[in-house]
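The values are calculated or read from the model by the stated rules, or taken from the named source; none is laboratory data. What you see is a predicted model, and the numbers here were worked out from it, not measured in a lab. Methodologically, a virtual Cβ is constructed for each residue, glycine included, from the backbone with ideal geometry; neighbour enumeration extends over all protein chains shown. Ligands, DNA and RNA are stripped out before the accessible areas are found, and what is left, the full protein with its side chains, is counted by its heavy atoms. Shrake-Rupley method; radii C 1.70, N 1.55, O 1.52, S 1.80 Å.
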Amino acid sequence: MNTTEDDHESLSPRLEQLLTIMEHICNDLAWGRYDRAGELFEMTRNAEYPSPLAKLAESFGLMLVKVEAREYRLEGMVTELRRVGDELREARRRLLRENQGLKQGLVERYSAKRIVGQSPPMRAVLGQVERIADTSISVLITGETGTGKELLAKALHYNSPRKAGPFIALNCSAVPETLFERELFGIEKGVATGVLMHRGLLEQAQGGTLLLDEIADMPLSCQGKLLRVLEERELTRVGGTRVLQLDVRILAATNKDMTLAVQSGAFRGDLFFRLNVMSLHLPPLRERREDIVPLMRHFLDLHSRSMGRDQPRLAKSALEALASYDWPGNVRELSNEMERLVALSFVGEIHFEDLSPGIRGNQEREPAATTSVALDLGHVRARPSISSESAEPPAASEPAGSTCIPSREPGSVPPIVTVPGSLLATEKMLILNALRSTQGNKTQAAKVLGISREGLRKKLKRLGITE
């Protein structure tokens, strides 16, 4: 504080000391030091100074306390922000690691080598997938509903250099024609009242893969614009003028005959040839019966783990019916049937009576047919028709020509089990023998046969046994 010599002479020593302290406090505040507030309050406590000066000193001390408190809170906030920043950086690193792990899991899950298919047609298709996965050519995937066309498309994506990018699927038959152009190409804000900007699926799939499922149902009005996008690799949103460069791989799938669609005028021929650079056809399940049992094993394991249950066993009669069924819904129907059986399985074994009515009816309509089925379930064993406690000898429980499913070494040829033509007659004979040996006691007869009492009741009704 600058004063003249006369000013110093007019101030008492105590007052000058007070002013000196206030001067030092101002200097300390500039350097972030707040430790002299107590000294200032102590000097003004006894009212030795003129009232205006004492009030000024007291206000000065209060200001010092408030500034110190504010600085303390700011330091706490800075410390907290640093802690939160460290946590966010660690969470980001953790999410990146998890994201990389998930993407690697998708790559392994959709590897062509892990897709269940042992039949020659499927091996040929999967071999083609491995050869073209690392390219960006357009692929047209054909096959009946439920054969796994989207699974094949994911195998192409997750085994390509685009696996880090998005995989987006559009069901062309599920989008109304009036909204199709907006969903696929996007739209600019303000094209109409209340319309907001929307990024189309082509734009969202940038750097990745777009699957156009049910491509035969794409509106004819949008096919010309899609053809131009594929040829120019450029996109303009509806109502917009800005041209966007595209880097997207296009895959298409359909269960219809595209040649007929082109001939009838429902689909543009130039777009068809642009999409059909490479064609992959998935055969229906009835044409690759070697894959039915491995798929059954796969889906039983998959659905058992998803439901947290032990994997049920398949009795021989159920296995034979499932293997001989035509599966019009293909792999999707097989998966749904296995999921249903796992959900309804309470005794750890699935019998013929547990199957869906359509599958049971198919087997019952052809009782005299002799079917040879390759069995490859590893853990599955045929259930003995009569337990060892039965009065009947063990040999009588097996009909002539039938065998249990033996275990086999890995890589060996699956055994062949021959289903006898008189299966229903043999089953009826075994049930009657069990009822006679237990004097008509159905509970005991069910135990002898190794089935539940409810299962026995259903068999009696189906076979027309009234005992």
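For Lys442, a cut-off of 28 angstrom between C-alpha atoms picks up these lysines, skipping any fewer than 8 places away in its own chain: Lys316, Lys428, Lys458, Lys459, Lys461.
Could you pull out every one of the lysines with an alpha carbon less than 17 Å from that of Lys163, ignoring same-chain neighbours closer than 8 positions? Partners found: Lys103, Lys113, Lys154. The Rg/Rh ratio of the stretch 244-300, with both radii computed over alpha carbons and Rh defined as the Kirkwood radius, is 1.15. Accessible area per residue for the stretch 257-361 is 44 Å², calculated with a 1.4 Å probe on protein heavy atoms, without ligands, DNA or RNA. Under 24 Å Cα to Cα from Lys189, which lysines show up? Leave out anything in the same chain fewer than 8 places away. Straight-distance partners of Lys189: Lys225.
Hull volume per residue, based on the alpha-carbon atoms of the stretch 117-224 and their convex hull, is 115 Å³. Approximating the spin labels as points 7 Å out from Cα along Cα→Cβ, the Glu188-to-Val347 distance works out to 7.0 nm. Computing FRET efficiency as 1/(1 + (r/R0)^6) for Lys55 and Arg83, where r is the C-beta to C-beta distance and R0 is 41 Å, gives about 0.45. D by Stokes-Einstein for the stretch 161-237, Kirkwood Rh over Cα pairs, 4 °C, 1.567 mPa s: 98 µm²/s. For the stretch 313-365, the convex hull drawn through the C-alpha positions has a volume of 69 cubic angstrom per residue.
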